[in-house]
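The values are calculated or read from the model by the stated rules, or taken from the named source; none is laboratory data. Given the structure is predicted, the values throughout are model-derived calculations rather than measurements. Here the Cβ positions follow ideal geometry from the backbone for every residue, glycine too, while neighbour counts run over all protein chains shown.
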Amino acid sequence: MPDSARASCPPDLSWMKRPVVWGTYTFPLLLCYALAPAEILLCLIAGAFVIHSALSRDWSWLRQPWFVLSLLLGADIVLASACTGSMRAVVQSVLLLRYPVFVAAMAFWVLTDARDRHRLATAYAWVAIWMVAGSWQQYLWGRNIMGYGRWEDGALLGPLWAPRAGQALFMTAFPGLMPVIISLAQRRTRGGLLCAGGLLVLLVLTFLLISQRMPTLLFLFGTLCVALMVRALRLPFVLACVIGAGGIALSPVVAPQAYNKLVISFEHQMHGFADSPYGMLFIRAGVMVSDHPLVGMGYDGFRINCPNPIYFRGLPALGIADGPHGGAPGCNLHPHNYYIQVATMAGVPGMVLFCLLVIALLRPMARGLRAHMGVEQMVMCILAFVIVWPLQSTSSFSTQPTAGWVFIALGWALAATRGGAGTERAGQGT
């Protein structure tokens with residue numbers, strides 16, 4: 001082969017991908033039980049992807065609109081952090097770049113093969129089953145496999161040591177079990193519909209027993225979106241909702257802790273939202289943004305400045321009178337919403353960039369669904385849509401396990417969209 005032709009041929013780098021793909025299969029377990037190794041693996045995959053791009057001389061992913069916007073947002077957060085004078089905040093904001101690089105790695109390298117995505121979905125399904133079994137075991141025996149009882153607020157821990165079972169079940173059951181439920185429902189036989197409905201009922205009742213409101217609502221919201229797009233799933237979804245409502249009605253007798261958390265506590269918070277823990281966080285974040293609308297308060301600015309009495313005020317423009325609103329005891333590590341978190345870090349311009357970034361991520365997914373609605377593609381795109389839905393309470397997107405769940409899902413959805421033409425098509429309904 002002539003030297004010129006040899007130089008133009010990209011090197012064979014398939015040996016790099018296989019260990020990375022196998023490492024990706026461990027994420028669902030790591031995000032449940034080993035957060036530090038999960039973070040290390042995420043960084044290694046992002047670094048390996050950059051090396052692979054350099055060796056293969058393929059940097060096309062850098063031109064993706066969503067990646068360009070993530071760079072602009074990252075630069076804005078770095079600038080805001082520099083304005084605070086904290087070198088630690090600057091370094092941490094620079095390191096946020098690992099997350100969009102990781103998403104690109106999932107979409108353009110690690111999960112480009114449909115077989116690898118199917119194996120990852122299988123790993124997610126097994127972890128989801130483990131979460132369901134552990135939750136029912138703790139409910140029936142009072143202690144989980146580690147010997148822990150319910151959390152102090154009444155939430156079930158499942159097979160974990162902290163109240164994260166709801167998030168773990170939602171993030172694993174949706175990509176792992178929802179395609180199975182759809183396939184069963186699409187058989188249009190009595191047995192298929194009963195199995196699909198039975199699995200949905202089991203998942204809904206498990207979420208109710210775990211008693212974490214937001215994962216339950218997100219799962220129902222996501223399943224509703226799927227049911228609107230897949231006619232065969234509508235009857236099983238209605239069945240699951242009816243039985244779930246019956247479960248809530250019986251919960252004062254069979255699961256009083258769940259009733260107190262899901263119904264009584266929720267009702268109290270909605271009636272006096274401004275004085276609820278979430279309301280106090282949102283008010284405090286709103287005051288910070290109104291005082292620093294252009295540059296925000298830098299990375300981790302909310303946690304650092306939340307106890308400062310200068311921000312113990314209300315938001316008269318929203319009809320919230322001035323007051324301490326919980327004072328220092330009403331603070332937390334983050335404001336429990338992705339959009340508000342970015343606003344406190346980088347001000348209103350940062351939040352605008354974040355909204356544009358979300359649109360840039362969802363746009364190719366929506367365009368891909370119009371062209372070809374594969375089962376995996378549809379499920380993952382709906383999951384991506386649900387996790388970036390603005391009206392929800394969330395954990396911080398910059399820490400584990402939330403960062404792992406969210407950025408794997410986004411990269412997976414992009415990968416499924418890019419490979420959608422080779423996947424099984426989902427039935428549509430109107």
Filter segment 58-90 down to the residues that are more than 16 Å from LEU357 (Cβ to Cβ), without any contact (Cβ under 8 Å) to a residue 60 or more places away in the chain and either in contact with a strand residue (DSSP E or B) (Cβ under 6 Å, 6 or more places away or on another chain) or of a type in the set (Gly, Ala, Ser) (or both) and list them by number.
SER60, GLY85
Of those in segment 1-43 that are part of a helix (DSSP H, G or I) and of a type in the set (Asp, Glu), the residue modelled with the lowest pLDDT is ASP3
Working only within segment 296-326, note down all residues that are part of a loop (DSSP other than H, G, I, E, B) and among the aliphatic types (A, V, I, L, M).
MET297, ALA321
Does TYR139 count as touching a Ser or Thr at 6+ places or on another chain (Cβ under 7 Å), in contact (Cβ under 8 Å) with a residue 60 or more places away in the chain, closer than 23 Å to LEU202 by Cα and in a helix (DSSP H, G or I)?
no
Can you name the condition, by its number, that GLY176 falls short on among (1) surrounded by fewer than 20 Cβ atoms within 10 Å (Cβ to Cβ); (2) closer than 29 Å to GLN377 by Cβ?
(1)
So VAL90 fits all but one of (1) of a type outside the set (Asp, Glu); (2) under 20 Å from the mean Cα position of the chain (by Cα); (3) modelled with pLDDT of 95 or more; what number is the exception?
(2)
PRO329, sole failed condition from (1) at pLDDT 90 or above; (2) of a type outside the set (Gly, Ala, Ser); (3) in a helix (DSSP H, G or I)
(1)
Criterion (out of contact with any helix residue (DSSP H, G or I) (no Cβ under 7 Å at 6 or more places or on another chain) and at pLDDT 95 or above) met by exactly one of TRP126, TRP161:
TRP126
Would you pick out the residues in segment 221-239 that are crowded, with 21+ Cβ neighbours inside 10 Å and either of a type in the set (Val, Ile, Thr) or free of Cβ contacts under 8 Å to residues at least 40 places away in the same chain (or both)?
THR223, VAL226, ALA227, VAL230, PHE237
Failed criterion for GLY191 (all others in (1) assigned to a helix (DSSP H, G or I); (2) touching a residue at least 12 places away in the same chain (Cβ under 8 Å); (3) surrounded by fewer than 21 Cβ atoms within 10 Å (Cβ to Cβ); (4) more than 14 Å from the chain's Cα centre (by Cα) hold)
(2)
Being surrounded by 15 or more Cβ atoms within 10 Å (Cβ to Cβ) and more than 22 Å from TRP412 (Cβ to Cβ) narrows ALA125, ALA82 down to just ALA82
Step by step: first the residues of segment 112-143, then only those that are among the β-branched types (Val, Ile, Thr) and within 26 Å of MET16 (Cα to Cα), then the one that is nearest to the chain's Cα centre (by Cα). Which residue is that?
THR122
Go through segment 140-158 and count every residue that is at pLDDT 90 or above and buried (at least 20 other Cβ atoms within 10 Å of the Cβ).
4
